[in-house]
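The values are calculated or read from the model by the stated rules, or taken from the named source; none is laboratory data. Here the structure is a predicted model, which means the values were calculated and not measured. Neighbour counts are summed over all protein chains in view; Cβ atoms, including those assigned to glycine, are modelled from backbone coordinates with ideal geometry. Areas reflect the complete protein model, heavy atoms only, side chains present, ligands, DNA and RNA absent. Shrake-Rupley method; radii C 1.70, N 1.55, O 1.52, S 1.80 Å.
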Amino acid sequence: MRRVTGLLLLNLFLLLSSCAVSQPRVNTDTKNKKAREAFMKAIEFYNFQQPEEALKEIDFALKKDDGYIDAMLLRADILKTLKRYEESQEMYDKVIAMNLNLPEVYLYMGEMQFQATWYEKASSSLGKYLESNPQGIKKKMAESLKANAEFAAVAIKNPVPFEPKNMGSAINTSESEYFPGITADGEFFIFTRRITTGGMPQEDFYLSRKVNDTTWGPAYNLGPPVNTPENEGSVSISTDGQFIFFTACNRLKKYTLQGRENGARPQEVFPSCDLYFSRLEGDKWSIPRHLGSKVNSLEWESTPTLSFDGLTLYFASTRKGGLGGSDIWKCVWEGNGFSEPINLGPTINTEGNEQTPFIHPDNQTLYFSSDGRPGMGKFDFYFSRLGEDGEWQTPENLGYPINTAGDEKGLLVDRSGKLAYFSSDERPEGKGGVDIYQFELYKEARPQLLSYVKATVVDDETGEPLSASAELLSLLTGESVITTSTNPKTGSFLVVLKANSNYALNVRKEGYLFHSENFSLAQSGETDPFLIEVRLKKLKVNQNVVLKNVFYDVDSYELKPESRVELEKLVEFLQVQKSVTIEIGGHTDNTGNPALNQKLSENRAKSVYDYLVSKGIDPKRLSYKGYGSSKPIADNSSEEGRQKNRRTEYRVTGM
């Protein structure tokens with residue numbers, strides 16, 4: 001049923017008179033019986049979303065009594081619904097000219113003017129209403145609407161760049177598509193599509209794979225066990241494409257891992273809208289797992305989004321303990337499950353509603369929708385950045401015309417920060433229903449610069465993909481940034497790198513020597529991705545591995561502080577493989593004095609040897625040797641080749 005937004009629904013005949021506190025009662029009713037009957041019919045039509053019929057009845061009422069205040073105000077509200085704003089304004093002006101001391105007329109006239117995008121007029125009308133010193137919910141409504149009008153008036157005069165483009169027929173259809181998600185490498189695009197089966201609408205998840213820089217392949221239904229004959233709601237895909245988190249309402253337990261393990265009855269459900277996840281096992285999605293009662297409540301949980309490291313899950317919920325209708329919450333991974341939800345607090349959440357959060361892979365920028373702070377009206381897009389103190393900063397409105405007088409929900413920003421995606425049903429280039437669009441996000445609203453490593457781990461001898469673990473570490477702090485594992489079928493994994501930072505990547509598998517890579521982005525600010533093949537060598541005698549994160553200054557054999565990250569991993573390896581003995585080998589390029597190079601390489605190898613001994617490794621298990629430039633692994637005629645030849649290695653000498 002439509003809610004009548006005018007004063008009349010609150011007190012059909014004498015409502016206006018009650019608003020003038022300490023003032024004589026104003027009679028807004030009529031003595032004409034036929035006028036009153038037509039008025040009541042008009043309200044009935046209006047409540048049942050038949051504004052044209054309501055207008056006919058109210059016009060009849062005003063013919064019978066052209067001074068019928070309640071009818072005049074209802075007519076103004078009906079005309080607002082029909083978007084006949086000029087006529088609605090004329091009706092309000094006529095009432096105001098009667099000088100009846102009805103301040104609430106200014107409130108509802110301001111509401112109409114805001115809807116008509118007459119923002120300066122709306123601000124003036126709402127200001128006049130507030131001068132009457134109203135109280136309670138109407139005061140809050142007027143203050144909020146006035147703040148929106150003032151914001152919108154400025155925003156329209158200062159538009160941000162915005163040129164949305166429909167994502168095309170591979171993604172959009174005559175059905176509705178919304179809630180987009182994308183992997184960090186931009187290879188997979190996931191979204192929700194509302195389809196009609198058997199005459200009934202139903203939501204499923206669809207996935208599309210990029211063909212080239214400008215083209216997406218035809219989207220295909222994700223299928224069981226993720227999609228079911230029931231509705232699947234919002235969906236989010238992890239940066240590496242190995243997990244999806246999603247919302248489903250009243251999902252049958254037989255479609256979940258818990259339900260199958262516990263023998264759920266056929267019609268047994270998880271009540272309300274809850275969060276679930278599924279993992280890509282090879283090339284098939286696992287049976288979804290309900291995230292449990294610690295994360296899910298009996299209230300509404302929706303629009304999950306996972307941080308790039310998989311350690312923090314953000315979502316919207318109407319659960320108890322929030323600040324408004326729906327708030328944004330987070331859960332932190334505790335090793336065997338997610339923690340109790342934590343409210344993001346009053347910097348992000350308001351007395352209104354916050355929904356559709358999206359945490360960018362930079363782990364520093366949060367995009368979300370809100371109707372509880374100054375904006376263009378209804379839900380607007382906002383973003384907040386995580387400060388150095390670990391607190392979220394005051395959110396910023398994304399601006400006009402990205403935000404409009406309608407609802408904006410479900411913004412997604414790709415890894416590069418340049419492209420944003422959203423859904424809309426109000427654009428002429430639409431395919432039908434709600435479509436997904438993309439646009440270039442202006443610089444001030446972009447996240448941090450990022451790169452990524454996409455690797456395939458294979459056996460060095462056979463070339464077969466391997467299931468292995470990988471850890472990305474900061475060379476500055478030595479802290480682990482992310483741990484992950486390869487897809488067991490493809491041997492691939494993906495980790496995000498922040499520009500202007502240096503990283504060590506270690507890959508390991510039982511029965512193999514650990515492998516390291518170095519990514520130096522601190523100086524270059526590089527954002528192009530790294531596509532590598534990691535060839536793991538089996539643990540056996542005479543196998544050797546380059547330690548790519550052991551560093552020295554020029555012509556020095558003193559280990560630089562950032563070398564400890566790699567050497568600690570070598571210590572761990574030797575502590576686990578207690579029977580293994582190794583030789584540390586130092587190597588140089590062919591420039592300079594050969595004798596000095598020989599001595600330098602030997603001293604560098606000894607520096608590593610000394611470090612390992614200092615960490616408790618038995619010297620009997622270690623040896624070191626300098627090879628100078630005698631064993632190059634690349635051409636010394638180029639700087640790139642010489643850099644590869646300047647290296648420290650370890651070689652297995654016994655087991």
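Dipole check for the chain: with +1 at the C-beta of Lys and Arg, -1 at the C-beta of Asp and Glu, and the Cα centre as origin, the magnitude is about 940 Debye. Shape analysis of the chain places it in the prolate category; the axes a ≥ b ≥ c from the Cα gyration tensor give an a/c of at least 1.5, with a/b above b/c. Solvent-accessible area per residue in the chain equals 46 Å², computed with a 1.4 angstrom probe and all protein chains kept.
For SER339 and PHE530, the FRET efficiency from 1/(1 + (r/R0)^6), where r spans their Cβ atoms and R0 equals 45 Å, is about 0.85.
In order along segment 410-425, the phi-based Karplus estimate (6.51 cos²θ - 1.76 cosθ + 1.60, θ = phi - 60°) of 3J(HN,Hα) comes to x, 8, 10, 10, 6, 4, 5, x, 8, 10, 10, 10, 7, 10, 7, 10 Hz; Gly and Pro are listed as x. Considering helices alone, the calculated mean residue ellipticity of the chain at 222 nm is -7500 deg cm²/dmol, with DSSP H runs of length four and up weighted by -39500 (n - 2.57) and normalised per residue.
Between LYS443 and SER579, the contour length at 0.36 nm per residue exceeds the alpha carbon distance by 43.4 nm. Nearest 0.05, what FRET efficiency do SER556 and GLU86 give at R0 = 60 Å with Cβ-Cβ as r? For R0 = 60 Å, the calculated efficiency reads 0.15.
The accessible surface of the chain, taken with every protein chain in place and a 1.4 Å probe, is 49 percent carbon and sulfur.
Each Lys or Arg adds one and each Asp or Glu subtracts one; over the other residues with Cβ under 12 Å from the Cβ of LEU130, this totals +2.
Computed extension gain for GLN50 through LYS418, at 0.36 nm per residue and net of the alpha carbon distance, reaches 128.0 nm. Across segment 238-244, coupling constants 3J(HN,Hα) worked out from phi with the 6.51/-1.76/1.60 Karplus curve, θ = phi - 60°, read 5, 4, 8, x, 9, 9, 10 Hz, and Gly and Pro carry x. For the pair SER480 and SER623 in one chain, pulling the backbone fully straight at 0.36 nm per residue adds 48.6 nm over the alpha carbon distance. With the whole protein complex present, TRP333 retains an accessible surface near 110 Å², based on a 1.4 Å probe. Restricting the trypsin sites (Lys or Arg not before Pro) of segment 541-603 to loop positions (DSSP other than H, G, I, E, B) with no more than 16 neighbouring Cβ atoms within 10 Å leaves LYS578. Estimated at the nearest 10 Å², the accessible area of ASP29 is 40 Å² with a 1.4 Å probe. Seen from LYS140, the other residues with C-beta closer than 12 Å to its C-beta sum to a net charge of +1, counting Lys and Arg as +1 and Asp and Glu as -1. Placing a pseudo-label 7 Å from each Cα along the Cα-to-Cβ vector at THR490 and MET200 gives an inter-label distance of 3.5 nm.
One Cα centroid belongs to segment 102-134, the other to segment 457-509; the line between them spans 59 Å. Packing here is the average count of other Cβ atoms within 10 Å per residue, and on that basis the peptides 473-481, 368-376, highest first, run 368-376, 473-481. Ordering VAL652, SER629, VAL613 by the projection of their Cα atoms onto the charge dipole of segment 575-655, which places +1 on the Cβ of Lys and Arg and -1 on the Cβ of Asp and Glu, puts VAL613 at the extreme positive end.
Determine the distance separating the Cα centre of segment 296-332 from the Cα centre of segment 537-583; give it in Å without decimals. Going from one Cα centre to the other spans 43 Å. Using the Cβ-Cβ distance between ASN250 and LYS606 with R0 = 60 Å, the FRET efficiency computed as 1/(1 + (r/R0)^6) comes to roughly 0.35. Other residues with beta-carbon under 15 Å from the beta-carbon of PRO225 carry, at +1 per Lys or Arg and -1 per Asp or Glu, a net charge of +1.
Of all lysines in the structure, the ones whose alpha carbon falls short of 28 Å from that of LYS128, not counting any fewer than 8 places away in one chain, are LYS80, LYS83, LYS94, LYS138, LYS139, LYS140, LYS146, LYS157, LYS378. Lysine pairs in segment 229-350 whose alpha-carbon atoms fall under 26 angstrom of each other, counting only those eight or more residues apart or on distinct chains, come to 9.
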